Amino acid sequence: MAETVQYRLERMVPELEEFERKGLFSKTEIKAIIKKRTNFEYAIARRIVKKIDFLRYIEYEMNLDMLRKKRKALLPNNDDDKTRVSEYSIKQRINGLFKRALIKFNGDVSLWMQYIDHAKRSKANNVLSGIFVSALQYHPRKPELWILAASWEFEDNANPAAARVLMQRALRLNPDSESLWHEYFRLELLYVEKIKMRRRLLGVDEKSLEQQKKEEEQRAMEVDESDENTIRLPTITGEDMENWNEESDERKTVKKMEASTAEALKEGVNPILNGLLAKIIYDNAIEAIPKELDFRTKFVDIYRMFSESELGIDHVLETILRDMQSNPAARSYLAQRHLFSKVKQTSENDTSRYIGTGEPEFIPAIKACVEDFNQAVQEVPTAEMFERYTQFLLEQHNFTFEENLKLYLSKVLQRAFKVARKMDVSSATLCKNHIDSLLEYDEDKAQSVVTKSVQQYPNSSDLWLMKITLCSKDDEDELFQQALKNCPESYGLWDFFTTCLGNRWNTAVAMKKQQDAGEELDKLYMRAAEQVTMLLPSLSTAAPDDRNRIKDLVLCSYVRWSKEAKGVVGARAVYKRIIQSLYPTYGFYQTCLAIEKEEQDSEPVEYLYEMATRLDNHKEEIYQMYISYLREQKKFKKADHVLWKATKEVPEFQIDNQ
């Protein structure tokens, strides 16, 4: 190992001598560079080498090269001789380090990405080609590498044919990759767009040629009108006609071929310029991935980033209707297509995808959407289809401010709910949409509908929330108990419950009735804490993390409220009662510790840490915090005792600052 390291260091001598000779680095700095490189070389020459050692070495060399460039720019005799050793030695070393790292860690895709990124920033195009070849040999199943390689060939290397070949190979190996199909599709559209742009710049596109022809005709008319006595010579003479008649069959054949070629190159006739390749790619893509709606709609989004793409978009929409006629999500997408803006998008995240509510095209588009939705609910009379229809109408109703349009949308909504009732189609979400539509115009009817809906769907937390929101304050507690009994796993319902309790306390404080409200709220909080402790562990639908999340919410809200209402003494009484009987969670202990640390009283903090160490999870984190706290308080003897205890309970326990 030492011989190899010495050999590599000796090869650096010409470079370092040139650094000193040109005044880029002093002798002291060069000695420091040698020492640093020696340490790095020994680190990466170990039998069990780590990737971080290579990355640190590479980072050091990059920073060194950056410093060299800055100092070179300040030299008075600054030359740009690229053949000097100092100009390329560090870049070569960085490339060599990446290669050596990838020999050891060729399965690390992120390392390949870093190497590619460095080569791009260094504009090392001759190196990049080899990097992509090696990376794809090791990782042929990584679509991001294929996309990166094709993008480089197309954009940086100006080789569309090579980019196309790469994407075709990638799809043969990864036919189920949605991103590859989308990027190959985008590649072909970019290629056609560049050809069209070049034709426009050269003035050989159809619009330019038509404009040129009109200008020539206009000039000819101006000549005729300016001088009536002007004699215009014929464009074809008699001699030309005789020569034409005597032309051979070969000459006539060539002229026919030239005419047909010129005709084929017209944008309106040329299938390539009309997007034939993109259409073929799309058809092959939906054959490989036939059932994904989002996969198909992404093609529409890509089309919309290019000019003259209406025919392609229509083809995609036709295939969606053909293959997904009974899919509510697909029918909803097709119905909303009328709101798509005709303006070309500048990016995938462009917010101008839909027609604005203030534009004149908006109302006809809304009516077209309603017609398509009405047809969809007749052909696909399912609850999901009605849910999507009514949700669309609600969104448009809430977005618009024009009164007549709001009234129209409201009437269409009520008609949709009436049709759903006639077809005997119902769901909790549909009921919720119905109530939302009534809130603005008829609150009494909304209360009637929500009462019937809760009876029909007692396990819907959204409907219970709406019923509680519409009820009087006197019935609130009773409704909450019914709701939490039917939906104990609903985090949103528990969150709303604790929020209402907090609002009730704020109202009592404002009215100076803290004492009466405090006793009532304490009972409600305690009952809620007991409920989440008893009910949630028996739930089969909620995951353990969800159960702990709800339990944290209720218990932590209880402690925070008790601190606000009764001070730290009241908070201590509450959290001690919870610890003794309600099996608190790690999040609860964190809340209590935050409260106690504000008081700067070490005894309650130590009590909480001792209780927290009894938990089955997060033991290592708790012990780490406990030991750190004790050392901050200068209680080293107790900290050592807790450390000994932690090593017994947690295998391989380590403390960072022991």
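Throughout, read-outs are computed from the coordinates displayed, never taken from laboratory work. Here the structure is a predicted model, which is why all the values come from computation and not from measurement. Please note: Cβ atoms are built from the backbone with ideal geometry, for glycine as well, and neighbour counts cover all protein chains shown.
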Legend entry - Karplus-derived HN-Hα couplings along the stretch 638-644 (A = 6.51, B = -1.76, C = 1.60, θ = phi - 60°), whole Hz, x at Gly and Pro: 5, 4, 5, 5, 5, 5, 4
Legend entry - Relative contact order (%) - the stretch 22-122, alpha-carbon pairs under 8 angstrom, separation at least six: 24 percent
Inset, instruction - Work out the charge dipole of the stretch 553-655 with +1 on the Cβ of Lys and Arg and -1 on the Cβ of Asp and Glu about the Cα centre, then indicate which of PRO604, TYR629, VAL650 is farthest towards its positive end. - result: PRO604
Inset, instruction - Tabulate in residue order the Karplus-calculated ³J(HN,Hα) for the stretch 164-173, using 6.51 cos²θ - 1.76 cosθ + 1.60 with θ = phi - 60°, rounded to whole Hz; enter x for Gly and Pro. - result: 5, 5, 4, 5, 5, 5, 4, 6, 5, 8
Legend entry - Interchain or long-range residues, amide H under 5 Å from TYR354's placed H: SER341
Legend entry - HN-Hα J in Hz across the stretch 28-42 - Karplus 6.51, -1.76, 1.60, θ = phi - 60°, x for Gly and Pro: 4, 5, 5, 4, 5, 5, 4, 5, 5, 5, 4, 4, 5, 5, 5
Inset, instruction - Report the charge-dipole magnitude of the stretch 488-585 in Debye, nearest 20, computed about the Cα centre from +1 at each Lys and Arg Cβ and -1 at each Asp and Glu Cβ. - result: 400 debye
